[in-house]
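These notes concern the structure reproduced below.
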Amino acid sequence: MGNVFALSPPQFMPPLIPHPSGGSGVGRAEKREENLDNPGSFDELHRRCKEVFPQQMEGVKLIINKGLSSHFQVSHTIHMSTVGQSGYRFNATYVGTKQISPVEAFPMFIGDMDSTGSLNAQCIHLVAERIRTKAVFQTQQSKFMTWQFDAEYRGDDFTSTLTLGNPDLISESVIVVAHFLQSITKNLVLGGELVYHRRPGEEGAIVTLAGKYSTPQWIATLNLGLGGAHASYYHKANDQVQVGVEFEASTRMQDSSFSFGYQLDIPKANMIFRGSVDSNWIVGGVLEKKLPPLPLTLALGAFLNHWKNKFHCGFNITVG
């Protein structure tokens, strides 16, 4: 539901020795089973492609990150805008002591609140070796808007997820989302998504099929169902250049869009540039510059909509 990875050389196969019984031995040759990897989460199928696209910026934003300990971090964000809403946001993140990889530790608590009192909070926990759970809550000032509960099981070569969104026993309304991904080969992953929603006077379900084919240089992903289609292609040309292409079509909105994005890394200058252009003639780019040894990151972005004659630019300063 919506609200940031070298081909091996061919192996030498020794000649088959005929079986003493006179058979060729071909049928008795032992086959080495492939050790397939876990395909990851369904929500991350298009992640590599989306990472090369720039995030829209507008106004001036100051972000201050402060690590209070090895497990607890807070951040303060001040945003001043002439188009959107200006204000202050406070974020707190706690990461537990159960570390299963260099980038994953449990439990994890994340909370984000703005100056109006609206809250976004989530809790992620590893309740068993293969079972991960997540709870998400979102409020608009004093009113609950979203509450969501996820349970994910990660097998050796498959992932299954069940999500309950906004369950309400009184009004008998709920959104249920089921995901399943299976690694077919080292490169191919297939799966699907089932979305079922129920509310007073309305009930329905949508099935979407998904597939991803990946190599060390490129990744192609496709989601196809009655609700529309979403296709993406990611290609890593070299250590400095990455490109991505996305196509989205919606049967409900009767609309489709095509977008192209790219990312240029300049390590010697500590700079990253991301740019994009889409079928609606929206052109944008974001330049990020780190200033070592100072813990500062500067970002400058600009986006131009040719059809609507609108121009937005932004400037971000991140400390820490």
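Structure notes:
- Search result, residues across segment 237-264 that are loosely packed, with under 15 Cβ neighbours inside 10 Å and of a type in the set (Asp, Glu): ASP239, ASP255
- Residues located in segment 295-318, provided they are aliphatic (A, V, I, L, M) and either under 17 Å from ILE272 (Cβ atoms) or touching a Pro at 6+ places or on another chain (Cβ under 6 Å) (or both): LEU296, LEU298, ALA299, LEU300, ALA302, ILE317
- Restricting segment 176-197 to residues that are among the β-branched types (Val, Ile, Thr) and open to solvent by less than 50 Å² (accessible area, probe 1.4 Å) leaves a set whose member that is nearest to PRO39 (Cα to Cα) is VAL189.
- The set of residues from segment 236-252 being of a type outside the set (Val, Ile, Thr) and outside any loop (DSSP other than H, G, I, E, B) comprises LYS236, GLN242, GLY244, GLU246, PHE247, GLU248, ALA249, SER250.
- Those strands (runs of 3 or more DSSP E) of segment 173-228 in which at least 2 residues are small (Gly, Ala, Ser), farther than 23 Å from GLN254 by Cα and touching a strand residue (DSSP E or B) at 6+ places or on another chain (Cβ under 8 Å), considering only elements entirely within it, cover 173-183, 202-214.
- Of the strands (runs of 3 or more DSSP E) lying entirely inside segment 115-157, those carrying at least 2 residues that are at pLDDT 95 or above, open to solvent by less than 40 Å² (accessible area, probe 1.4 Å) and more than 30 Å from THR185 (Cα to Cα) are 131-140.
- Being modelled with pLDDT of 80 or more and either open to solvent by 100 Å² or more (accessible area, probe 1.4 Å) or among the charged types (D, E, K, R) (or both) is not true of GLU34.
- Of all residues in segment 59-83, those that are assigned to a strand (DSSP E or B) have Cβ atoms under 7 Å from Cβ atoms of residues that are at pLDDT below 95 and among the hydroxyl-bearing types (Ser, Thr, Tyr), 6 or more apart or on another chain, in GLY59/SER81; GLY59/THR82; HIS79/SER86; MET80/SER86.
- Among the residues of segment 80-114, the one identified as in contact with a Phe, Trp or Tyr (Cβ under 6 Å, 6 or more places away or on another chain) and either exposed (fewer than 13 other Cβ atoms within 10 Å of the Cβ) or at positive phi (or both) is LYS98.
- Test for SER75: is it of a type in the set (Ser, Thr, Tyr), surrounded by 15 or more Cβ atoms within 10 Å (Cβ to Cβ) and touching a Gly at 6+ places or on another chain (Cβ under 8 Å): yes
The values are calculated or read from the model by the stated rules, or taken from the named source; none is laboratory data. Since the structure is predicted, the reported quantities are computational estimates derived from the model, not experimental observations. Note that each Cβ is placed from the backbone with ideal geometry, even for glycine, and that neighbours are counted across all protein chains shown. Each accessible area value is taken on the protein alone, full model and side chains, heavy atoms only, with ligands, DNA and RNA left out. Shrake-Rupley method; radii C 1.70, N 1.55, O 1.52, S 1.80 Å.
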